[in-house]
Amino acid sequence: MNDNKEGFKGSRVSEFKGSKADKFEDLHVYGQARNLTNKIYEITKSASFSRDYGLVDQIRRASVSILSNIAEGFERGTNAEFIHFLFIAKGSCGEVRAQLSIAFDQKYIDENIYKSLVDQCRRISAMLNNLIDYLKGSRFKGSKFKSPQTKSVTEEINEMMEEIRRGE
């Protein structure tokens, strides 16, 4: 990971775990949350699970909330707002784990699926926590606060001289 937390180079999250993120889809944690949501949709289609309309609706909405809050927070343009939405995503991750417990207790899913999905939720939660810590430690406050890059007086003079030479 790049230790220079100010080196954002035009990206929303510069060098988090060695990769530049210009859009929320670039974030590894977003991809993991998307994968989890697809798995949740898959398991809730099974015959016994699908009849529990309340639990199906709740666990699907909670899983969608994880990736939706990552996306919305990223697009807000400030680290403070991004962190706020990452905490909401983290809460939704806990909600999915609780609902998976109910699904397991009701025998809608077997123990292997239950453990696998709970582990995936825990990994996502840890990734969210790491991203929150990274953003909290950054002096960059977000793209809304980026000041336009200014040219030096020498650069301005050189550009004007070049325009004069070209007859502009």
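At a 10 Å Cβ-Cβ cut-off, how would you order TYR108, TYR114, fewest neighbours first?
Least to most surrounded, the residues fall as TYR114, TYR108.
At a 10 Å Cβ-Cβ cut-off, how would you order SER68, SER92, fewest neighbours first?
Final ranking by Cβ density, sparse to dense: SER68, SER92.
Let a ≥ b ≥ c be the square roots of the eigenvalues of the Cα gyration tensor of region 13-166; is it rounded (a/c under 1.5), or, if not, prolate (a/b larger than b/c) or oblate?
Taking the square roots of the gyration eigenvalues as a ≥ b ≥ c, region 13-166 is prolate.
Got a sec to turn the phi values of region 122-131 into Karplus ³J(HN,Hα) couplings, 6.51 cos²θ - 1.76 cosθ + 1.60 with θ = phi - 60°, whole Hz, x for Gly and Pro?
After applying 6.51 cos²θ - 1.76 cosθ + 1.60, I find 5, 5, 4, 4, 5, 5, 4, 4, 4, 5 Hz.
HN-Hα J couplings of region 102-114 from phi, Karplus 6.51/-1.76/1.60, θ = phi - 60°, integer Hz, Gly and Pro as x?
Listing the rounded values in order: 5, 4, 5, 4, 8, 6, 7, 10, 7, 4, 5, 5, 4 Hz.
Under the Karplus relation 6.51 cos²θ - 1.76 cosθ + 1.60, θ = phi - 60°, what is the ordered set of whole-Hz ³J(HN,Hα) values for region 71-77, x standing for Gly and Pro?
Values per residue, Gly and Pro as x: 5, 5, x, 4, 6, 5, x Hz.
Computed from the coordinates by the stated procedures, all read-outs in this text should not be read as laboratory data. In this text the structure is predicted, and so the values were computed from the model without any measurement. Note that we place each Cβ from the backbone using ideal geometry, even for glycine, and neighbour counts take in every protein chain shown.
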